[in-house]
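I have placed the structure first, in the form of C-alpha cells, so that the comments after it can refer back to it.
The values are calculated or read from the model by the stated rules, or taken from the named source; none is laboratory data. Bear in mind the structure is a predicted one, so any value in this text is a computation, not a measurement. FYI the Cβ positions are ideal-geometry reconstructions off the backbone, even for glycines, and counts take in every protein chain you see.
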Amino acid sequence: MADTTERSITEAGEVHNDGHEPAMGGPSKGGEVAGKQRRWLKPLVLLLVLAALALGATEGVAYLEFAKTHVSTDDAYLTSDVIQISPQVNGTVSSVLVEENQHVRRGQLLATLDDSTYRAAMAQAQANLDAAIAQAKGAGATVAVTSQSSSGQVVQAQGGVVQAEGAIEAARADVARARAAVATAIATASGAQANVSTADAGVKAALASRQRAQAGYQAALAQLETSRAAVGSAQAAVDAAQANYQKAAKDLQRYTMLLAQGAVQEQLVDQARAAADTAKAQLDGAKQQVAQAQAAVAAAQANVDAAKEQVSAANAAVDQAKAQAAAAREQAAAADAGIRQAKAQQAAAEQGVRQAEAKRVQALGQLRQAKTAPAQVAVSRSNQAQANARIEQARAALRSAELQLSYTRIYAPADGRVSNKTVQVGALVQPGTPLMAIVPDERVWVEANFKETQLTHMKPGQSATVTVDAFPGRTFRAHVESLSPATGATFSLLPPENATGNFTKVVQRVPVRILFEPGQRGLSQLRAGMSVTATVETR
C-alpha cells in the first residue's frame, strides 16, 4: 500500500512537470515531507495488522475452548406453575377480596360465597344428630327393660315347672285316697263336668291364640321378604354406583394423561376429579343402604323366629286344652257310670295325675318360651346398634355439612400473584368454574429447547447461566434439572410424518428444564413467558 502511494505521488509530480516548468535544482519541499511520512507509516500499519491477528487468534482460541465445554440457545423461555382457583361448591359470589396482579399470601382469603344455604344444611344435620342420639338412648332403655323382664319370665316359668311337679305328687296321693272315698268320687264327678266346660272354653281360646300366632308368623314372613327385596334393590344401587365410579375414575385418569400431554385444559381434569369424588360418595351411600337393608333382614328374620316359636307354643296350648277337655269328659263319664265306686275314684285320681303331668308339660313349654327371651334381647340390641349407626351417619352428615360450609370461603393455596381474575360479585358459580389463577412466587424455571446435537454431554446437575432479555447485563446462576424424554415435535398435536414424499432432515430440539439457584437478587422480578438465553457447562 505504501508502494502504491509512492507511485501515485511520483506520477502526479510528472504530470505537474509536464504542464509547467520543471523545478530547478531537484525535488520540491512537499516530496521530502511525503517521503518522511512513508518511512514511519509502513511499520506502524504492519504492527497494527500483527496486533489484530494476535488478538483475533487469542479470542478465537478462547471461543473454541469455551465452545468445547459450553452449549447455548436463545430458544428458551421462563415458565412457572399456574394454580387455578375454582370453587368446590355451588353458590353466589358475595365478595371478592383481591385485585388483578395483587400479591397474596398462603391462606389469605380470596373470595366468599353466600353461605346461608350451607348454614341451614349444617343446622339440619345437627338436628338430625340430636334426634339420632335421643333414639339411641330410647333403644338402650328398651334393651335394659327387655333384659330384666325376660329374666323374670324365665324365673316364673321355672317356678311353674316346680309347681307342676308338686301337683303330680299330690295327684298320686289323691289316687290312694280315692280308693277309700266314694263321696270324694261323686264330688270329683261333679268337678269333672265343670272341668269339661272349662276345658272346652280353653280349647276355643287356644285355637284363637294359635290363629293369631299364625297370622303374626305370616306377617313376619312378609316383612322378611320385603326386607330381602330391599337388600336386592340396595345392592343394585351399589352396582350402578360402582359402575358410575369406575367410569368417573377412568375419565379422570384419561384427562390427567391428556393434561400431561397438553391436550386438554386443567379445568376438564378438575371437573373429572369432582365427578369421581361425587361418584365415590354415591357409592359409599349405596353401600350404607345395603348394610341398613341387611340389618333390617336380620331383624325381620328374628321376628320370624319369634313368631314361629309363638305358633309352636300355641299348638302346644291347643293340645294341652284338648287333653284337659278329654280328661274332664273321662272324669264325667266315670262319675256318671258309677261303676265300681272305688275304681271310679281310682280312675279319677289317676286322671288327676295325668292332668298334673299335662300341666308340667305346659309349664315346660312356658319355660321354653321364656328361654326365647335372649332372642328378644338380641332384637332390642340390634335396634340399639341401628340407632348407634344412625348417630354415626348423622355425625358424618354434620361433618359433610361443615365441610361444605367451609368451602364457601376460598383461600390462597400458596404465596403468589393473582392473575386472570374473572370472578365478579353476584356471579353464580359451580364447582370447577375458574375464578382466578395464582402464579406462585420464585417458582419460575427455564424451558430451553436445545438442538439434539448439543445434548451429547449434557446431563442433570450441570451448572448453567441464564440471561434475560428484559434485564440486559444481568446473569443468573442455575443448573440443569432434567431433560425431556422426547423432542418437542413428538408431543405436538400434529407430529411430523416423514414416511411419504420428499424428506428434508431437520435438527430436532429437545426441551431441557433449568432451575435457578435460590437466593439470587432479582428472581422475584422474573415473569413467565420472558425470553432468555441459556448456557450450560457440559464438562
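Can you tell me which residue in region 497-509 is modelled with the highest pLDDT, limited to those that are of a type outside the set (S, T, N, Q) and exposed (fewer than 11 other Cβ atoms within 10 Å of the Cβ)?
Step one: of region 497-509, the residues of a type outside the set (S, T, N, Q) are 497, 499, 501, 503, 505-507, 509.
Cutting the leftovers down to exposed (fewer than 11 other Cβ atoms within 10 Å of the Cβ) gives us 497, 499, 501, 503, 505-507.
Working: Glu497: 68, Ala499: 64, Gly501: 65, Phe503: 72, Lys505: 81, Val506: 82, Val507: 85.
The residue in question is Val507.
Results for (1) closer than 30 Å to Gly107 by Cβ; (2) touching an Asp or Glu at 6+ places or on another chain (Cβ under 8 Å); (3) surrounded by 14 or more Cβ atoms within 10 Å (Cβ to Cβ), shown as yes or no for each residue.
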{"residue": "Leu398", "(1), (2), (3)": "yes, no, yes"}
{"residue": "Glu402", "(1), (2), (3)": "yes, no, yes"}
{"residue": "Thr408", "(1), (2), (3)": "yes, yes, yes"}
{"residue": "Val418", "(1), (2), (3)": "yes, yes, yes"}
{"residue": "Arg443", "(1), (2), (3)": "yes, yes, yes"}
{"residue": "Thr453", "(1), (2), (3)": "no, no, no"}
{"residue": "Ser463", "(1), (2), (3)": "no, yes, yes"}
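Going residue by residue through region 277-287, is there one that turns out to be within 30 Å of Val379 (Cβ to Cβ) and without any contact (Cβ under 8 Å) to a residue 12 or more places away in the chain? Talk me through it step by step, then tell me what you get.
From region 277-287, those within 30 Å of Val379 (Cβ to Cβ) are 284-287; that's our starting set.
Still in the running and without any contact (Cβ under 8 Å) to a residue 12 or more places away in the chain: 284.
Yes: one or more hits.
Val264 meets the conditions (1) in a helix (DSSP H, G or I); (2) within 22 Å of Gln430 (Cβ to Cβ) in every case but one. The failed one is (1). All of (1) modelled with pLDDT under 90; (2) closer than 30 Å to Tyr411 by Cα; (3) not β-branched (Val, Ile, Thr) hold for Leu64 with one exception: (2). Annotation: of all residues in region 103-124 being touching a Leu at 6+ places or on another chain (Cβ under 9 Å) and closer than 25 Å to Arg527 by Cβ, the one that is surrounded by the most Cβ atoms within 10 Å (Cβ to Cβ) is Ala111.
Checking the structure you have, find out if any residue of region 442-459 is among the aromatic types (Phe, Trp, Tyr), touching a residue at least 40 places away in the same chain (Cβ under 8 Å), under 26 Å from Glu266 (Cα atoms) and touching a Gly at 6+ places or on another chain (Cβ under 8 Å).
Here is the first cut: in region 442-459, the residues among the aromatic types (Phe, Trp, Tyr) are 445, 450.
Those still in the list that are touching a residue at least 40 places away in the same chain (Cβ under 8 Å) too: 445, 450.
If we keep only those that are under 26 Å from Glu266 (Cα atoms) as well, we get 445.
Checking the rest, the ones that are also touching a Gly at 6+ places or on another chain (Cβ under 8 Å) come to none.
Scanning region 442-459 turns up no residue that is among the aromatic types (Phe, Trp, Tyr), touching a residue at least 40 places away in the same chain (Cβ under 8 Å), under 26 Å from Glu266 (Cα atoms) and touching a Gly at 6+ places or on another chain (Cβ under 8 Å).
Filtering region 390-412 for residues that are touching a strand residue (DSSP E or B) at 6+ places or on another chain (Cβ under 8 Å) and aliphatic (A, V, I, L, M) leaves a non-empty set. Glu447 meets all of the listed conditions (1) closer than 30 Å to Leu113 by Cα; (2) in contact with a strand residue (DSSP E or B) (Cβ under 8 Å, 6 or more places away or on another chain) but one, namely (1).
Only a single item in (1) over 60 Å from the mean Cα position of the chain (by Cα); (2) at pLDDT 80 or above; (3) surrounded by fewer than 17 Cβ atoms within 10 Å (Cβ to Cβ) is not met by Gln351, and it is number (3).
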